[in-house]
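Peer 1: First the structure, which I've put down as structure tokens, then a few questions once you've had a look.
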């Protein structure tokens, strides 16, 4: 990562007072500054979809492995039926 990517840059924003109080309360609870709390929460919001995609890939892989193993035990073909371009089973 380039040095410039790691630099903190000021961002002026207006937030509702109730949200500011919640951020302040959470920052105290986590023993962080408000700035650190905001950065942590923003970063988490971007990381969540990446984690969800990784979990979905893991589940898909496990299901595929389980499907193949079950098909081998029954003596059937180990690949599920192919789909046409419109999603119909062949």
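Peer 1: Provide a single number: the residues in the range 40-79 that are at pLDDT below 75 and surrounded by 10 or more Cβ atoms within 10 Å (Cβ to Cβ).
Peer 2: The number of residues fulfilling the criteria is 3.
Peer 1: Checking residue 90 against (1) modelled with pLDDT under 85; (2) surrounded by 10 or more Cβ atoms within 10 Å (Cβ to Cβ), which test does it fail?
Peer 2: Of the numbered conditions (1) modelled with pLDDT under 85; (2) surrounded by 10 or more Cβ atoms within 10 Å (Cβ to Cβ), the odd one out for residue 90 is (2).
Peer 1: Something else about it: Within the range 20-35, can one find any residue that is surrounded by 11 or more Cβ atoms within 10 Å (Cβ to Cβ) and at pLDDT below 85?
Peer 2: No: the range 20-35 contains no residue that is surrounded by 11 or more Cβ atoms within 10 Å (Cβ to Cβ) and at pLDDT below 85.
The values are calculated or read from the model by the stated rules, or taken from the named source; none is laboratory data. Fair warning: this is a prediction, and the values are worked out from it, not measured in the lab. All Cβ positions, glycine included, derive from the backbone under ideal geometry; neighbour counts span all protein chains shown.
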